[in-house]
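Okay, so here's the structure we're looking at.
Please treat every number below as a calculation from the coordinates, not as lab data. In this text, all values refer to a predicted model and were calculated from it rather than measured experimentally. Note that we place each Cβ from the backbone using ideal geometry, even for glycine, and neighbour counts take in every protein chain shown.
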Amino acid sequence: MNNAKLSPGNIVILVAGAVMLVASFLAFFTVETIGDVDFDIESGEIDFDGGEKSFSAWSDGGGFPITTLPALIGAGMAAAVALTAFAKVNLPERVLGFSWNQLHLLLGAQAALMMLAFLIADTPDKGIGFWLMLLASIGLVVGAVLREREPAAA
Amino acid sequence: MRTGEVFDFSHSLVPLEGAVDNKQPSPGEWAMMTGAAVALLGSFLDFDFEQSAWGQGLFPVATLIAIYCVAVGVVVALRRFAGVDLPDRLAGFGWNQLFLALGVFAAVMSLFWLIAAEEAGPGLFLSLAGSVAVAVGAFLTVREQSPGTVG
């Protein structure tokens with residue numbers, strides 16, 4: 001393990017990416033459902049046992065894969081940091097002319113923008129997974145900015 | 001482009017020597033501007049669930065595609081036609097880098113929407129075509145303006 005490469009910025013990205021991925025499996029949207037229906041023949045009463053159905057970012061009805069994209073971005077950023085820091089993989093200095101600091105900044109901003117867009121969007125009630133993903137996406141941007149400001153960041 | 005050749009996208013839109021006064025847009029710039037117009041048009045058409053990208057439930061997530069593409073198209077047009085003197089770099093990024101990033105993000109989002117959509121309409125297909133054109137145009141622009149530059 002190369003501790004020198006685990007700068008504060010990298011740690012923030014690692015944690016935020018992990019949170020993002022885990023949160024993507026929690027409830028992204030929740031919707032009220034009718035639930036169980038009890039029909040009393042004698043009285044003729046119908047009783048709806050209201051329930052709640054949740055969709056993760058990976059659920060078919062939850063907007064997969066557009067809701068999954070921020071999580072994939074976060075996981076990718078964390079993976080790049082982990083590969084460099086723990087597996088000692090030597091990634092190319094630049095990808096398509098972008099430095100890694102620039103890539104992290106762009107990807108983090110994209111994930112955060114998408115989550116902010118979901119926040120504004122008129123969608124069903126947001127679940128705990130959504131809120132965690134929103135926080136984690138902001139964490140990705142913070143981590144990327146920290147990396148940018150670190151001297152000779154990996 | 002030779003195999004293994006690396007382009008440096010960090011350069012801004014600095015015209016090549018001898019092309020300083022050339023006001024005619026390059027093929028890459030045409031692709032970006034046309035792609036932006038197509039994506040904008042597509043955003044007003046049926047995107048998914050018979051809603052446009054500006055419709056309830058889709059705005060502003062689906063609208064990001066058009067916003068990214070239009071931002072690229074407007075900046076390219078301002079620089080090329082209006083001669084607006086913008087700074088060489090924005091937040092540490094060259095314009096070509098930003099064009100490429102926005103084009104690729106828009107294209108990826110369009111592709112993901114296409115998979116997610118249950119009733120994909122013509123607006124979504126136009127958004128996909130437009131965003132791919134913006135991304136390809138950005139690549140072409142880099143190749144035109146920084147040929148063979150090693151990053």
Quick one: is A:T84 β-branched (V, I, T), within 9 Å of chain B (Cβ to nearest Cβ) and on the phi < 0 side of the Ramachandran plot? no
Reported set for region B:113-138 where residues are within 12 Å of another protein chain (Cβ to nearest Cβ), surrounded by fewer than 20 Cβ atoms within 10 Å (Cβ to Cβ) and in a helix (DSSP H, G or I) is B:L114, B:I115
Considering B:G103, B:G94, B:G83, which residue is over 25 Å from A:P65 (Cα atoms) and surrounded by 22 or more Cβ atoms within 10 Å (Cβ to Cβ)? B:G94
Counted residues in region A:112-140 being in a helix (DSSP H, G or I) and of a type outside the set (A, V, I, L, M) come to 6
